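Visitor: Please read through the structure below; I'll follow up with questions.
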């Protein structure tokens, strides 16, 4: 579990990375990737995750685009 720079809680599991909506308390999968073992955010709010072999940084998108996608799919 990790909290991003905007206060959104994210979870990782064997099936992907999820965000928990602040308002409606729903869980939405953001990234479908197998074998996620750890999750963090850098100072620029980029998702960094690991599997059993490597560490990955996801390609950045604007914060507005990211949260529009997350909030629209949670409603």
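The values are calculated or read from the model by the stated rules, or taken from the named source; none is laboratory data. Model, not experiment: these values are computed from the prediction. Cβ coordinates were reconstructed from backbone atoms using ideal geometry, including for glycine residues, and neighbour counts include every protein chain displayed.
Visitor: Scan the range 22-37 residue by residue and report those that are assigned to a loop (DSSP other than H, G, I, E, B) and touching a strand residue (DSSP E or B) at 6+ places or on another chain (Cβ under 6 Å). Walk me through it before giving the result.
Guide: At the first step, the residues of the range 22-37 found to be assigned to a loop (DSSP other than H, G, I, E, B) are 22-26, 32-37.
Hits for the range 22-37 are 32, 33, 36, 37.
Visitor: From 24, 31, which residue is surrounded by 12 or more Cβ atoms within 10 Å (Cβ to Cβ) and within 18 Å of residue 69 (Cβ to Cβ)?
Guide: Sole residue among the options that is surrounded by 12 or more Cβ atoms within 10 Å (Cβ to Cβ) and within 18 Å of residue 69 (Cβ to Cβ): 31.
Visitor: Does at least one position in the range 48-56 carry a residue that is touching a helix residue (DSSP H, G or I) at 6+ places or on another chain (Cβ under 7 Å), surrounded by fewer than 16 Cβ atoms within 10 Å (Cβ to Cβ), part of a loop (DSSP other than H, G, I, E, B) and modelled with pLDDT of 90 or more?
Guide: For the range 48-56, residues touching a helix residue (DSSP H, G or I) at 6+ places or on another chain (Cβ under 7 Å), surrounded by fewer than 16 Cβ atoms within 10 Å (Cβ to Cβ), part of a loop (DSSP other than H, G, I, E, B) and modelled with pLDDT of 90 or more: absent.
Visitor: OK, next. For residues that are touching a strand residue (DSSP E or B) at 6+ places or on another chain (Cβ under 8 Å), assigned to a loop (DSSP other than H, G, I, E, B) and more than 20 Å from residue 71 (Cβ to Cβ), tally how many sit in the range 38-47.
Guide: 1
Visitor: Looking only at the range 1-21, count how many residues are in a loop (DSSP other than H, G, I, E, B), more than 9 Å from the chain's Cα centre (by Cα), at pLDDT 90 or above and surrounded by 13 or more Cβ atoms within 10 Å (Cβ to Cβ).
Guide: So the answer is 1.
Visitor: I need the full set of residues from the range 17-47 which are out of contact with any helix residue (DSSP H, G or I) (no Cβ under 7 Å at 6 or more places or on another chain) and within 14 Å of residue 1 (Cβ to Cβ), in order please.
Guide: Matches in the range 17-47: 17, 18, 20, 27, 36, 37, 38, 39, 40, 41, 47.
Visitor: Residue check: is residue 36 more than 9 Å from the chain's Cα centre (by Cα) and surrounded by 13 or more Cβ atoms within 10 Å (Cβ to Cβ)?
Guide: yes
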